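J.: Pasting a structure below so you can have a look.
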Amino acid sequence: MNETGDQSFISQVQNLISQAQSQPSRAENIAQKVAGWLFYIAVIVALIAFVTWMVIEDVPTAVIFTITTLVIACPHALGLAIPLVTARSTSLGASRGLLVKDRQALEIAQDADVMILDKTGTLTTGEFKVLDVELFNNKYNKEEIIALLAGIEGGSSHPIAQSIISFAKQQGISPVSFDSIDVISGAGVEGKAKGHSYQLISQKAYGRNLDMDIPKGATLSVLVENDDAIGAVALGDELKPTSKELIKVLKKNNIEPIMATGDNEKAAQGAAEDLGIEYRSNQSPQDKYELVKTLKEEGKKVIMVGDGVNDAPSLALADVGIAVGAGTQVALDSADVILTQSDPGDIESFIELAHKTTRKMKQNLFWGAGYNIIAIPLAAGILAPIGIKLSPALGAILMSVSTVIVAINAILLSLDPKNNG
Ligand code: ADP
Ligand code: MG
């Protein structure tokens, strides 16, 4: 693949993202709907009260009951009920390293069914160690292979590249100087040196079996010269310390974790076994996108977590996309939530925040509107025969009290203190 190929990859990614973003918007704001209903209910009840009281008593009495009903039903608090909770939860989130870009993400995440997690850079540190360098013919010796590996990685910003370059340095091997290097997104790098063409690519991109024992859990990249494998490098990456804890929390919350990675079967299996979760290996950006799509078609609510360009389309398509802060710009752009500290542990805070925010919203809907179930009939004078009447002034006070309750309730939203800070 050359630069044009890479550009078409980027434009393909952009297409997938805009497709996902143009899909029908999520549930309408409930508060707005309730405010609408409240308006009709208040007008109808006020009319009934007016007519009834005009018949029973006189017009001045009827006017008072009508005004009280309308005042009490004024959906003042309702206008604030949800935004106040959102403002509070957004700032709470930020203090825990969660940047919530799409305000609805919290409401949607609260009843998520599946969480798809990228491996490299998301569940693992992305700080690779070279475990093994393999040779496939005797045209080059090990030093020469390492020099080629380090040389071609000079043109890449992938976490693997840095690790290989510093490995060569430690061994005192100077990199071969390349005339040109191009990145093959999601697959590796290719370049030219001394008239030869080389590629350093994933096992999937190489597409053939290799005669070697791949260390358990290792990421493998194959060095190819003229379509033939001349060497391979196996790299080890470690799970982030908080990844295991996250999986526990997900299972406790009935969210099924699935790991999806562009890495080879063995590497994927190693990490997934350590975590005790289901996985998909050798996933291209398109495969990850299709995975989200299929799960959504099964009626599941999907959260996607990722860091790379290869995750961007699925981040955009998922019901909630969470990008790891240290990841690539395109991933950050297509996500609804950003983990600014790149710590999977912060996803726990996100889930807690989602539950608590939704609960507060429901409570505030009650204090902003639900109380009207009692207040409106009262204002209309249903208990007047036994001497319980509200004046318009008292109606106004009750209405303001509702606003104050809604505000205080929102401020009381808080997260459990985090032990590890
Ligand atoms: P993931 O989906 O787990 O984040 P990537 O899409 O970043 O993984 O990479 C997939 C595979 O492509 C890697 O496991 C590796 O084998 C290969 N690869 C990508 N970039 C490079 C590179 N610069 N050097 C060597 N191998 C690479
Ligand atoms: Mg990644």
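J.: With charges set only on the Cβ (+1 for Lys and Arg, -1 for Asp and Glu), what does the dipole of region 21-180 come to about its Cα centre, in debye to the nearest 20?
T.: I would put it at about 240 debye.
J.: Turning to a different aspect of this structure: For region 33-146, just say rounded, prolate or oblate: build the C-alpha gyration tensor, square-root its eigenvalues into a ≥ b ≥ c, call rounded for a/c under 1.5, and beyond that prolate if a/b exceeds b/c, oblate if not.
T.: Prolate is the answer for region 33-146, as a/c is 1.5 or above and a/b outweighs b/c.
J.: If you count, for each residue, the other Cβ atoms within 10 Å and average over each peptide, how do 69-76, 173-180 line up from highest to lowest?
T.: 69-76, 173-180
J.: Within region 115-157, list the trypsin sites (Lys or Arg not before Pro) lying in a DSSP loop whose Cβ has at most 16 other Cβ atoms in a 10 Å radius.
T.: Taking region 115-157 and a limit of 16 other Cβ atoms within 10 Å, the loop trypsin sites (Lys or Arg not before Pro) found are 139.
J.: How do 51-62, 367-378 rank on mean C-beta neighbours within 10 Å, highest first?
T.: 367-378, 51-62
J.: Still on this structure, please answer the following. So what does the Cα-only Debye profile of region 126-238 read at q = 0.10, 0.14 Å⁻¹, as log10 I(q)/I(0), no solvent term?
T.: Result of the Debye calculation: -0.23, -0.48.
J.: Which of 131, 317 has the fewest other C-beta atoms within 10 Å, and how do the rest follow up to the most?
T.: Ordered by Cβ neighbours within 10 Å, fewest first: 131, 317.
J.: Tell me what the chain gives for mean residue ellipticity at 222 nm when only DSSP H runs of n ≥ 4 count, each as -39,500 (n - 2.57), the sum divided by the residue total, rounded to 500 deg cm²/dmol.
T.: -16000 deg cm²/dmol
J.: Going down the table (251/288; 139/216; 101/251; 142/169), which pairs top 18 Å between alpha carbons?
T.: Over 18 Å Cα-Cα: 251/288; 139/216; 101/251.
J.: Collect residues whose amide H, placed 1.01 Å from N in the peptide plane, falls under 5 Å from the amide H of residue 101; neighbours closer than 5 in sequence don't count.
T.: For residue 101, whose amide H was placed from the backbone, the distant partners under 5 Å are 337, 338.
J.: For a Förster distance of 51 Å, can you work out the FRET efficiency between the beta-carbons of residue 408 and residue 265, rounded to the nearest 0.05?
T.: 0.40
J.: I've got another one for you. Beta carbons within 10 angstrom, averaged per residue: use that to sort the peptides 96-109, 335-348, highest first.
T.: 335-348, 96-109
J.: In addition: With a cut-off of 8 Å between alpha carbons and a minimum separation of six or more residues, what is the relative contact order of region 126-238 in percent?
T.: Relative contact order of region 126-238: 31 percent.
J.: Length gain on complete extension for the stretch residue 57 to residue 244, per 0.36 nm per residue less the alpha carbon to alpha carbon distance?
T.: Fully extending the segment from residue 57 to residue 244 adds 60.2 nm.
J.: Give the residue from 257, 44, 383 lying farthest towards the positive end of the charge dipole for the chain; charges sit on Cβ (+1 for Lys and Arg, -1 for Asp and Glu) and the dipole is referred to the Cα centre.
T.: Working it through, the farthest residue towards the positive pole turns out to be 383.
J.: Could you give the distance between the Cα centres of region 370-421 and region 279-313, to the whole Å?
T.: Distance between centres, Cα-based: 44 Å.
J.: Next question. Let me spell out the model: positive unit charges on the Cβ of Lys and Arg, negative unit charges on the Cβ of Asp and Glu, origin at the Cα centre of the chain. What dipole size does that give, in debye rounded to 20?
T.: 1680 debye
J.: Restricting to Cα atoms and excluding each atom paired with itself, what does the Kirkwood estimate give for the chain in Å?
T.: 24.9 Å
J.: Please tell me the relative contact order of the chain in percent, rounded to the nearest whole number, where contacts are Cα pairs under 8 Å and at least six residues apart.
T.: Relative contact order comes out at 25 percent.
J.: With θ set to phi - 60°, apply the Karplus curve 6.51 cos²θ - 1.76 cosθ + 1.60 along region 393-406 and write out the HN-Hα couplings as whole Hz, x wherever there is a Gly or Pro.
T.: 5, 5, x, 5, 5, 4, 4, 5, 4, 4, 5, 5, 4, 4
A short reminder: the numbers here are calculations on the coordinates, not readings from a lab. Since the structure is predicted, the reported quantities are computational estimates derived from the model, not experimental observations. With ideal geometry, Cβ positions are generated from the backbone for all residues, glycine too; neighbour counts draw on all protein chains shown.
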